Amino acid sequence: MDTDTLVDRLAQGLEPVRRLRPPWMRTAAWCLVALSYVALIVVVVSPRDDLMTKAFDWRYAVEQSAAFATALASATAAFGSTIPGHDRRLVCLPLLPLAVWLGTLGQGCLQDWVHFGTNGLVFSPDWFCFPAIVMVGAVPAIAMTVMLRRGAPLTPHLTAALGGLAAAGLANFGLRLFHNQDASLMVLVWQVGSVVILATLCAFAGRRLMNWRWMTGGLRRNVHASAAHTGP
């Protein structure tokens, strides 16, 4: 087939590409879907009895704010990483709220040890956390995957890790609205640990979740169709 003819046929079937919206706007759209689902889960499961009291507990408020900010920052960084030419420094955005989140929990562990000695660092299994975070973060993770796949998979592992951190962080935020577990060590190990595990799993699956193959599949189909239509 003549090259010019092939290019003309491909161009005839092309539709204008709609530019992706800025990362912060896509984060807002993701939050609209994700927070609606998280709120539904909290209502169905039933909010914790002391939620209003905990809202005025500065440590709980800081931890929840930092977890939520980590989710938002990670989502923004993930969306930014799929836009060619976007500032790569955006991927560092979650570091500050994540540091505040971990630092607050670490300070809580230290305070419990100073006040209560080894009794303040009692550790016991809490197998509810991991499946609960998976349940609460399921829809946010699906929505994140669908939205990320509209961009370019420039750094699939990093993008998937950031997306997983966003969904899992938001899930942890929702979990603490109905799960009465506030011991700093327990939260750090079981809840934040679950978030880290899920983000790591997403990072390993990044190449499967996001790759160039599915983006170029439509172009290949157009080439084959044009070749078949034109003939040798």
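Laid out as a table, the results:
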| item | result |
| --- | --- |
| Unique residue being at pLDDT below 95, more than 13 Å from TYR37 (Cα to Cα) and not basic (Lys, Arg) when the list is LEU165, LEU148 | LEU148 |
| Any hit, segment 49-61, residues being in a helix (DSSP H, G or I), closer than 21 Å to ALA183 by Cβ and hydroxyl-bearing (Ser, Thr, Tyr) | yes |
| Residue list for segment 85-99, filter: more than 13 Å from ALA67 (Cα to Cα), hydrophobic (A, V, I, L, M, F, W, C) and open to solvent by 70 Å² or more (accessible area, probe 1.4 Å) | CYS92, LEU93 |
| Per-region count, segment 197-214, residues in contact (Cβ under 8 Å) with a residue 12 or more places away in the chain, part of a helix (DSSP H, G or I) and open to solvent by 20 Å² or more (accessible area, probe 1.4 Å) | 11 |
| Members of segment 121-140 that are within 19 Å of TRP30 (Cβ to Cβ) and crowded, with 21+ Cβ neighbours inside 10 Å | ILE133, VAL136, GLY137, PRO140 |
| Of residues in segment 32-82 being under 19 Å from GLY106 (Cβ atoms) and crowded, with 23+ Cβ neighbours inside 10 Å, the one nearest to the chain's Cα centre (by Cα) | THR70 |
| Residue check for THR145: open to solvent by less than 50 Å² (accessible area, probe 1.4 Å), among the β-branched types (Val, Ile, Thr) and either on the phi > 0 side of the Ramachandran plot or outside any helix (DSSP H, G or I) (or both) | no |
| Pair list, Cβ < 8 Å and 6+ apart or interchain, from segment 130-150 residues that are farther than 23 Å from ARG21 by Cβ and touching a residue at least 12 places away in the same chain (Cβ under 8 Å) to residues that are among the aliphatic types (A, V, I, L, M) and open to solvent by 80 Å² or more (accessible area, probe 1.4 Å) | PHE130/ILE197 |
| Within segment 169-185, tally of residues that are over 30 Å from HIS157 (Cβ atoms), assigned to a helix (DSSP H, G or I) and either in contact with a strand residue (DSSP E or B) (Cβ under 8 Å, 6 or more places away or on another chain) or open to solvent by 10 Å² or more (accessible area, probe 1.4 Å) (or both) | 1 |
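One line per residue, one yes/no per condition, for (1) under 18 Å from LEU165 (Cα atoms); (2) modelled with pLDDT of 95 or more:
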{"position": "THR3", "(1), (2)": "no, no"}
{"position": "ASP8", "(1), (2)": "no, no"}
{"position": "GLN12", "(1), (2)": "no, no"}
{"position": "ALA39", "(1), (2)": "no, yes"}
{"position": "ASP57", "(1), (2)": "no, no"}
{"position": "ALA78", "(1), (2)": "yes, yes"}
{"position": "ASP87", "(1), (2)": "no, no"}
{"position": "VAL91", "(1), (2)": "yes, no"}
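The values are calculated or read from the model by the stated rules, or taken from the named source; none is laboratory data. This structure is a prediction, so every number in the text was calculated from the model and none was measured. Because the Cβ atoms are built from the backbone with ideal geometry, glycine has one as well, and the counts that use them run over all protein chains shown. For the accessible areas, the whole protein counts, side chains as well, though only heavy atoms, and no ligand, DNA or RNA atoms are used. Shrake-Rupley method; radii C 1.70, N 1.55, O 1.52, S 1.80 Å.
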